[in-house]
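The values are calculated or read from the model by the stated rules, or taken from the named source; none is laboratory data. Just so you know, these numbers come straight off a predicted model, no measurement behind them. Note that each Cβ is placed from the backbone with ideal geometry, even for glycine, and that neighbours are counted across all protein chains shown.
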Number of protein chains: 2
Amino acid sequence: MNSTYFTRRTIRKYAQREIDSDLLERLLTAGTRSSTTGNMQVYSIIVTRDQEMKKQLAPAHFNQPMVTEAPVVLTFCADFNRFNLWCRQRDAEPGYDNFLSFMTAATDALIAAQTICNAAEEEGLGICYLGTATYSADRIIQVLELPRGVVPVATVTIGWPAQVPEQPDRLPLDAVVHYEKYHDFAPDMIDSLYREKEARADSLQFIAENGKKTLAQVFTDVRYKKADNEYFSVKFLEAVRGQGFSV
Amino acid sequence: MNSTYFTRRTIRKYAQREIDSDLLERLLTAGTRSSTTGNMQVYSIIVTRDQEMKKQLAPAHFNQPMVTEAPVVLTFCADFNRFNLWCRQRDAEPGYDNFLSFMTAATDALIAAQTICNAAEEEGLGICYLGTATYSADRIIQVLELPRGVVPVATVTIGWPAQVPEQPDRLPLDAVVHYEKYHDFAPDMIDSLYREKEARADSLQFIAENGKKTLAQVFTDVRYKKADNEYFSVKFLEAVRGQGFSV
């Protein structure tokens, strides 16, 4: 397999260079060849290249500069709208306004998203996922004029790398992979899996900068706080329900 | 980019040939290099190679033969368990028992899953996603002994292709891709996007075999029925809540 899988890193700084329309179309085509539930293709991809549209999307992504600086922003949506329209036009009554169907459509969208990311990286492009797509689903729905049945689940910025940052760390494979059954983690196993991460210079810097005692506290108290998660949970659930999926 | 993206098809029949452990580990490593929210890696991959375990998993997947015939079955899980254990061991109070965190973890899991699928296909392996992972989350949780905080979101069977079926159709790119804003579909656009699909010999056969009038009715009345979707929605929501995510 190509080496990009192992050498990749998220790219947040892009060169001032467009992505050729042919290349973009090949990437999108690769995405649509990926697995999709029952070949229903219940997802959509909104391509943002217009600078004015990027500016409108930016606040939804907390004004992270990638949104206005990347030549292409892709918003991946769970989408039963087109499929439902087809059903109704063909004397068939769709029953896809539920949580399972939302998850099915979100899965289709994320599978296509990741194929496009893998293919883009193989071409030398850099990508960045923005978790804010779910946080600000309401605003994205408004800006991109997403109809009922369509919910954004991931945003990816794509462009030619302007700089190649150091590759971030990952936990040992044992932290993620379990053979045959889930082997839950005893305290010494947790210590061992996180030892290297906790000893990194950048980890120690995060702790110091944020006035915390442990790296875990940087996550729970600063980066991904309970109150924020709960606030955005309610907002995202409202968006999912508002677009017609009962949860 | 490599041609596999465009020539791939789902493989459901596998040769009686193992996947070498080194190759499997490279695939898993490629998966863990993919994007992950805040580098938290809040997912896990359960590898099933043992025949007895495959038999136990099979009913969860409606006894589809791929589960017992593929050399490797991978179950991808949204997983905050390991991260929560780490937090608690480091004097940090995790706040990840909510819908947003579940979606974050499910996204991490699906991104890793699709990278592994792309890398596997590049190596000549064939893959098949089983949507049943969400339908039967309760049974999978039991068989794989998934602790609180861990929910299966996708199962993939992987093996060497025993046969290469015809590549399935896809809708024209315009059905999935929207530029700048979502362009909703007028009735004649729906007709045009689905014309080729509806005219296919296999589509006409599906309609005839199922005694239906339209292809859409095969989906709504036979393959993905409202009553089934609603039943499995309730079951899956119960599993998500049962594993500690409030929705």
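Confirm whether A:GLN56 is part of a loop (DSSP other than H, G, I, E, B), more than 7 Å from chain B (Cβ to nearest Cβ) and of a type outside the set (Ser, Thr, Tyr). Show your work before the answer.
On the way: part of a loop (DSSP other than H, G, I, E, B): no; more than 7 Å from chain B (Cβ to nearest Cβ): yes; of a type outside the set (Ser, Thr, Tyr): yes.
Against the criterion (part of a loop (DSSP other than H, G, I, E, B), more than 7 Å from chain B (Cβ to nearest Cβ) and of a type outside the set (Ser, Thr, Tyr)), A:GLN56 does not qualify.
I'm trying to understand the selection: among the residues of segment B:63-76, which are surrounded by fewer than 24 Cβ atoms within 10 Å (Cβ to Cβ) and not in a helix (DSSP H, G or I)?
B:ASN63, B:GLN64, B:PRO65, B:PRO71, B:VAL72
Restricting the search to segment A:1-46, which residues are farther than 19 Å from B:THR7 by Cα and surrounded by 22 or more Cβ atoms within 10 Å (Cβ to Cβ)?
A:TYR5, A:ILE11, A:TYR14, A:VAL42, A:TYR43, A:SER44, A:ILE45, A:ILE46 - these are the residues of segment A:1-46 that are farther than 19 Å from B:THR7 by Cα and surrounded by 22 or more Cβ atoms within 10 Å (Cβ to Cβ).
Within segment A:3-31, track down each residue that is in contact with a Ser or Thr (Cβ under 9 Å, 6 or more places away or on another chain) and among the hydroxyl-bearing types (Ser, Thr, Tyr).
Correct list: A:TYR5, A:THR10, A:TYR14.
Yes or no: segment A:11-29 includes at least one residue that is without any contact (Cβ under 8 Å) to a residue 12 or more places away in the chain, over 21 Å from the mean Cα position of the chain (by Cα) and at the interface with chain B (Cβ under 7 Å from one of its Cβ atoms).
Looking through segment A:11-29, none of the residues is without any contact (Cβ under 8 Å) to a residue 12 or more places away in the chain, over 21 Å from the mean Cα position of the chain (by Cα) and at the interface with chain B (Cβ under 7 Å from one of its Cβ atoms).
Only one of (1) among the aliphatic types (A, V, I, L, M); (2) in contact with a Ser or Thr (Cβ under 8 Å, 6 or more places away or on another chain); (3) in contact (Cβ under 8 Å) with a residue 12 or more places away in the chain fails for A:VAL176. Which number is that?
(3)
Within segment B:222-233, does at least one residue satisfy the condition of being farther than 25 Å from A:ALA30 by Cα, in contact with a helix residue (DSSP H, G or I) (Cβ under 9 Å, 6 or more places away or on another chain), at the interface with another protein chain (Cβ under 7 Å from one of its Cβ atoms) and in contact (Cβ under 8 Å) with a residue 12 or more places away in the chain?
Yes; the residues of segment B:222-233 include at least one that is farther than 25 Å from A:ALA30 by Cα, in contact with a helix residue (DSSP H, G or I) (Cβ under 9 Å, 6 or more places away or on another chain), at the interface with another protein chain (Cβ under 7 Å from one of its Cβ atoms) and in contact (Cβ under 8 Å) with a residue 12 or more places away in the chain.
Only one of (1) among the hydroxyl-bearing types (Ser, Thr, Tyr); (2) more than 7 Å from chain B (Cβ to nearest Cβ); (3) over 21 Å from the mean Cα position of the chain (by Cα) is not met by A:THR155, so which one is it?
(3)
Could you list, in sequence order, the residues of segment A:11-53 that are part of a loop (DSSP other than H, G, I, E, B), in contact with an Asp or Glu (Cβ under 9 Å, 6 or more places away or on another chain) and under 22 Å from A:ALA106 (Cα atoms)?
A:SER34, A:SER35, A:THR36, A:MET40, A:GLN41, A:VAL42, listed by residue number.
When segment A:207-237 is examined, which residues are found to be of a type in the set (A, V, I, L, M) and either under 19 Å from the mean Cα position of the chain (by Cα) or closer than 26 Å to A:VAL153 by Cβ (or both)? Walk me through it before giving the result.
Within segment A:207-237, the first condition is being of a type in the set (A, V, I, L, M), and the residues that meet it are A:207-208, A:215-216, A:218, A:222, A:227, A:234, A:237.
Correct list: A:VAL222, A:ALA227, A:VAL234, A:LEU237.
Take segment A:41-62 and flag every residue that is in contact (Cβ under 8 Å) with a residue 60 or more places away in the chain, touching a Phe, Trp or Tyr at 6+ places or on another chain (Cβ under 8 Å) and closer than 16 Å to A:ILE158 by Cα.
A:ILE45, A:ILE46
Filter segment A:190-203 for residues that are in contact with a helix residue (DSSP H, G or I) (Cβ under 8 Å, 6 or more places away or on another chain) and not aromatic (Phe, Trp, Tyr); which is farthest from the other protein chains (Cβ to nearest Cβ)?
Within segment A:190-203, the subset in contact with a helix residue (DSSP H, G or I) (Cβ under 8 Å, 6 or more places away or on another chain) is A:190-191, A:193-194, A:197-198, A:203.
Narrowing the set further to residues that are not aromatic (Phe, Trp, Tyr) leaves A:190-191, A:193, A:197-198, A:203.
Numbers: A:ILE190: 5, A:ASP191: 7, A:LEU193: 8, A:LYS197: 9, A:GLU198: 8, A:SER203: 10 Å.
Within segment A:190-203, the match that is farthest from the other protein chains (Cβ to nearest Cβ) is A:SER203.
How many of the residues in segment A:207-247 are of a type in the set (A, V, I, L, M, F, W, C) and either modelled with pLDDT under 95 or not in a helix (DSSP H, G or I) (or both)? Give the derivation first.
So in segment A:207-247, the residues of a type in the set (A, V, I, L, M, F, W, C) come out as A:207-208, A:215-216, A:218-219, A:222, A:227, A:232, A:234, A:236-237, A:239-240, A:245, A:247.
Right, trim to either modelled with pLDDT under 95 or not in a helix (DSSP H, G or I) (or both) and you get A:245, A:247.
Here the count works out to 2.
Among the residues of segment A:159-180, is there at least one that is surrounded by 17 or more Cβ atoms within 10 Å (Cβ to Cβ), assigned to a helix (DSSP H, G or I), of a type outside the set (S, T, N, Q) and facing chain B (nearest Cβ under 9 Å)?
yes
Being surrounded by fewer than 14 Cβ atoms within 10 Å (Cβ to Cβ) and among the basic types (Lys, Arg): is that true of B:LYS226 here?
On the way: surrounded by fewer than 14 Cβ atoms within 10 Å (Cβ to Cβ): no; among the basic types (Lys, Arg): yes.
No: the conditions fail for B:LYS226.
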